[in-house]
């Protein structure tokens, strides 16, 4: 053992006799101020190795419940086992799984032999929970697909036996009490079906992707599944082409809707849609768990959880792959890299560390909720760290300072010391999100390490390993490593007695 490391260990033992002082937050205790023990640096090559692997065609986009995701689980299990985890486990649970095997889409003018054929993966993709089936019918544009008494976009148009064309989202001026019922694709589809529609084309107006790039979303809303109701998601450019030469072009329609006026109308052209999808309401999936046992006889029973979502948006047809390199193979790679270093560097943390790769992240972070429902010793979990989409952007963002300021301060201090203030400190306090939201609801101190300005490859086919920014990736992974090491080393006092006293 190095001399400076030994000196710090002696100081730590002396400080252990000092009575613990008051708490800074209702659910989180103060931590002692002490220079952190040195830990090795993360390896960019090691991180990229996992990202290249998990975003390859072998894993078919890692759709939860699919064979590709099963292979991804086996991969991370082999990696963690190779790092010498003291225990490996799986938490199995059922999940909706809809695998799109093929889809064809074209439009035409009745009486004309000419057709405009669109290509899956180029101009459109299927909704994650699309129904299967064949439809050939006239189209009708119904704005955002709202049929409320204060704003009824189906009024004055006949959708019976037609294909509804709608926009993503809801009008910004619509009250939340109304908008919440029309936000998700299944909400829009059920509304269209009530008015007699037999399929739906959704024009993606989201600013988070380019107008020519199809964006996949697995979660479409709550059950029931509309098994024979096809739902396609069109790019903005495809939507513009769809409404060319019609009663109103797309941009004019969006502008009219912004003025709180409806602009629904039947299209002159028809659409032909043919979707072949294999839907399972209760496919099997699992979280993968690897435990690194703590070295302290007492504190080894306390656990720091480090986890990230493993699943992605999958594969549609034979060629439309959503690789998920940044979202979220980057986060998984960081978890695996922290596991490698802390298990093989001789660091020997006092607390145990549980590395978790969640399934169901694309479906409202189901895996993190299942973990908390199945894990038998939640009061022993002292903190949760979640790297999420850390492969692109211009700076790091750490979410959770509003709820867990002491935990956030620990993370920020390591950013200052190691990354030279690479964190973007927001003027407004933030709460945990994503996988960390479920932990927060159980009063478990949680932080999300992510990036600012890094969503340009959000659920699109260009989310490939070549677009990963190695600089921000390594800085995020190093911050995760340094923070995990300090929390597991014992100087972090953990959760308050009040927090641990909550019933689960």
Query raised in the report: Out of all the residues in region 145-170, which are touching a residue at least 60 places away in the same chain (Cβ under 8 Å) and crowded, with 22+ Cβ neighbours inside 10 Å?
Result: 151, 153, 154, 162, 163, 165, 167
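Return yes or no: is residue 196 modelled with pLDDT of 95 or more, at positive phi and either surrounded by fewer than 18 Cβ atoms within 10 Å (Cβ to Cβ) or assigned to a strand (DSSP E or B) (or both)? Walk me through it before giving the result.
Details: modelled with pLDDT of 95 or more: yes; at positive phi: yes; either surrounded by fewer than 18 Cβ atoms within 10 Å (Cβ to Cβ) or assigned to a strand (DSSP E or B) (or both): yes.
So residue 196 passes the test.
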Report summary line: residue 123 meets each of (1) in contact with a helix residue (DSSP H, G or I) (Cβ under 6 Å, 6 or more places away or on another chain); (2) not assigned by TED's automatic domain parsing to the domain that holds residue 164 with one exception, condition (2)
Query - Filter result for residue 240 (more than 30 Å from residue 78 (Cα to Cα), surrounded by fewer than 22 Cβ atoms within 10 Å (Cβ to Cβ), touching a helix residue (DSSP H, G or I) at 6+ places or on another chain (Cβ under 7 Å) and assigned by TED's automatic domain parsing to the domain that holds residue 117) - result: yes
Report task. Would you mention how many residues in region 308-333 are at pLDDT 95 or above, outside any helix (DSSP H, G or I) and farther than 13 Å from residue 360 by Cα? Result -> 8
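Criterion first (over 25 Å from residue 453 (Cα atoms) and not in a loop (DSSP other than H, G, I, E, B)) does residue 159 satisfy it?
Working: over 25 Å from residue 453 (Cα atoms): yes; not in a loop (DSSP other than H, G, I, E, B): no.
Answer is no for this residue.
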Query raised in the report: Looking at region 461-468, is at least one residue under 22 Å from residue 402 (Cβ atoms), crowded, with 20+ Cβ neighbours inside 10 Å, under 18 Å from the mean Cα position of the chain (by Cα) and touching a residue at least 40 places away in the same chain (Cβ under 8 Å)?
Result: no
Requested in this report: Please determine, by comparing only the residues of region 407-430 that are outside any loop (DSSP other than H, G, I, E, B) and within 23 Å of the chain's Cα centre (by Cα), which one is surrounded by the fewest Cβ atoms within 10 Å (Cβ to Cβ).
Outcome: 423
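Given the options 427, 497, 445, name the one that is closer than 13 Å to residue 399 by Cβ and either at pLDDT below 95 or assigned by TED's automatic domain parsing to the domain that holds residue 371 (or both).
Numbers: 427 fails: closer than 13 Å to residue 399 by Cβ; 497 fails: closer than 13 Å to residue 399 by Cβ.
Result of the check over 427, 497, 445: 445.
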Query raised in the report: Residues of region 199-228 being touching a residue at least 60 places away in the same chain (Cβ under 8 Å), farther than 20 Å from residue 313 by Cα and in a loop (DSSP other than H, G, I, E, B), which ones?
Result: 228
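The values are calculated or read from the model by the stated rules, or taken from the named source; none is laboratory data. Predicted model, so just to flag it, every value in this text is computed and none were measured. Glycine also receives a Cβ, built like all others from the backbone with ideal geometry; neighbour counts cover every protein chain displayed.
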